[in-house]
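Worksheet: one structure, shown below.
The values are calculated or read from the model by the stated rules, or taken from the named source; none is laboratory data. Please read all numbers here as calculations on a predicted model, not as lab measurements. Positions of Cβ are generated from backbone atoms using ideal geometry, with glycine treated the same way; all protein chains shown enter the neighbour counts. Only protein heavy atoms, including side chains, enter the accessible area calculation; ligands, DNA and RNA are left aside. Shrake-Rupley method; radii C 1.70, N 1.55, O 1.52, S 1.80 Å.
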Amino acid sequence: MNPLDKLPLPLLEWFRDNARALPWRDDPTPYHVWLSEIMLQQTRVAAVLDYYRRFLAEAPNVPALAALPEDRLLKLWQGLGYYNRARNLQKAAQVIVYEYGGVFPSDYGAVRALPGVGDYTAGAICSIAFGQAVPAVDGNVLRVYARICGDDGDIASPQMKKKVTQAIRETIPLHAPGTFNQALMELGATVCLPNGAPLCERCPAKGFCAALAQDRVGDLPVKAPKKPRRVEERTVWLIFLGDSVALRRRPDKGLLAGLWEFPHALGEGPLPPEWGIAPLWEEYGGQAKHIFTHVEWHMTLRIVRTESDKLPPGWVWAGRGELEQTYAVPNAFARALELAREQLKETRMD
């Protein structure tokens, strides 16, 4: 007997008693489920809660999201990272407005075709919001499956994902598909934890989990190692004029597209002369590091003061209030942003 066949009843009972209270679960409309799932990609639940509430306050529904100015959209998203998620959210909202009259489509194919929506997100929306018996397979579900079934397939492979999706499709209870999918994800997030440290004594599947029975919990799931990231040394300049700091906008395509950043360049060296900035003085501001998927930035921060208000095209002077309310600065520059706030606060006190 497939161990998964034993899972639905004890899992649903466990979820009834142990589910975390989350705002999108209180009112699981298609829009709320969709927004929460996109925010939760690559992001911890605790980090998402405040963003979710703030976002809904300004974009409470699909038409409001479709009409949101892009700069405001990106500012609301600041700190969540992976900003293409926000852009695709808005593109999808505009599709829903123009092609579906602002009403979220319920057909799986139509949901899957929306910008930024993959198999998992479409499955989550259709099962949770519309009660359709479709799988929603994320990393948590892959891990739970691998351990319960004792499967040593590579969970990063398309073949394994296809296999697990089919297995869940055959197991999902028709009377509670959304609850079952949420319970599976919850089990992986709170009990069947990664890195060989699951809380097996709390698991509703402990009586039929192959990994536990075979003492292989620490060996599963199997995931092929990632290629090492490229390391780049960069110098970031915080250029101050009075109570403002210089920002520049990144190109519309590529890494961190369209966001605002502190000027920087590869390597270590003097302030690039082509910027035309005449410094009064310059000092060391510390070190910072940021890890992207394929590249790692090691940054040296330099603080510069100038008396000239001339900046290269596409740059702006931003005051403390504008840093807080207007310009979306990505997490890659979190330490630089913190340092800029400190400097601007000191300037105002002077």
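Before moving on, here are some points about what is shown:
- Val62 vs. criteria surrounded by 20 or more Cβ atoms within 10 Å (Cβ to Cβ) and under 21 Å from the mean Cα position of the chain (by Cα): yes
- Within segment 317-343, the set of residues being assigned to a strand (DSSP E or B), closer than 18 Å to Arg250 by Cα and open to solvent by less than 30 Å² (accessible area, probe 1.4 Å) comprises Ala318 only.
- Filter pass, Ala47 being open to solvent by less than 40 Å² (accessible area, probe 1.4 Å), assigned to a helix (DSSP H, G or I) and modelled with pLDDT under 95: yes
- Any hit, segment 98-115, residues being within 18 Å of the chain's Cα centre (by Cα), open to solvent by 20 Å² or more (accessible area, probe 1.4 Å) and closer than 27 Å to Leu323 by Cα: no
- Within segment 7-45, the residues that satisfy the criterion of being more than 26 Å from Ala93 (Cβ to Cβ) and out of contact with any helix residue (DSSP H, G or I) (no Cβ under 9 Å at 6 or more places or on another chain) are Leu9, Pro10, Glu13, Asp17, Ala21.
- Counting only strands (runs of 3 or more DSSP E) that sit wholly inside segment 208-271, those with at least 3 residues that are surrounded by 19 or more Cβ atoms within 10 Å (Cβ to Cβ) and either out of contact with any helix residue (DSSP H, G or I) (no Cβ under 6 Å at 6 or more places or on another chain) or at pLDDT 95 or above (or both) are 230-241, 244-249.
- Contact map, segment 322-341: first residue more than 12 Å from Ala288 (Cβ to Cβ), second residue among the polar types (S, T, N, Q) and not in a helix (DSSP H, G or I), Cβ cut-off under 8 Å, separation 6 or more or different chains; pairs are Ala328/Gln78; Val329/Gln78; Pro330/Gln78.
- Taking the conditions (1) open to solvent by less than 80 Å² (accessible area, probe 1.4 Å); (2) at pLDDT 95 or above; (3) under 22 Å from the mean Cα position of the chain (by Cα) in turn, Lys91 satisfies each one other than (1).
- Single unsatisfied condition, Ala67 versus (1) open to solvent by 20 Å² or more (accessible area, probe 1.4 Å); (2) at pLDDT below 95; (3) closer than 22 Å to Trp260 by Cα; (4) among the aliphatic types (A, V, I, L, M): (2)
- Pairs meeting the criteria (first residue in segment 297-313 and closer than 17 Å to Trp281 by Cα and among the small types (Gly, Ala, Ser), second residue open to solvent by 40 Å² or more (accessible area, probe 1.4 Å) and at pLDDT below 95, beta carbons under 8 Å, at least 6 apart or on different chains) are Ser308/Ala278.
- Scanning segment 92-131 for residues that are over 24 Å from Lys161 (Cα atoms), among the aliphatic types (A, V, I, L, M) and assigned to a loop (DSSP other than H, G, I, E, B) turns up just one, Val103.
- Under the condition of being open to solvent by 30 Å² or more (accessible area, probe 1.4 Å), within 23 Å of Leu40 (Cβ to Cβ) and outside any loop (DSSP other than H, G, I, E, B), the residues counted in segment 134-164 number 5.
- Per this entry, Gln78 is not counted among residues that are open to solvent by 40 Å² or more (accessible area, probe 1.4 Å), touching a residue at least 12 places away in the same chain (Cβ under 8 Å) and under 13 Å from the mean Cα position of the chain (by Cα).
- Which numbered condition Arg302 misses (of (1) buried (at least 19 other Cβ atoms within 10 Å of the Cβ); (2) part of a loop (DSSP other than H, G, I, E, B)): (2)
- Flag for Lys310 being basic (Lys, Arg) and either under 29 Å from the mean Cα position of the chain (by Cα) or open to solvent by less than 10 Å² (accessible area, probe 1.4 Å) (or both): no
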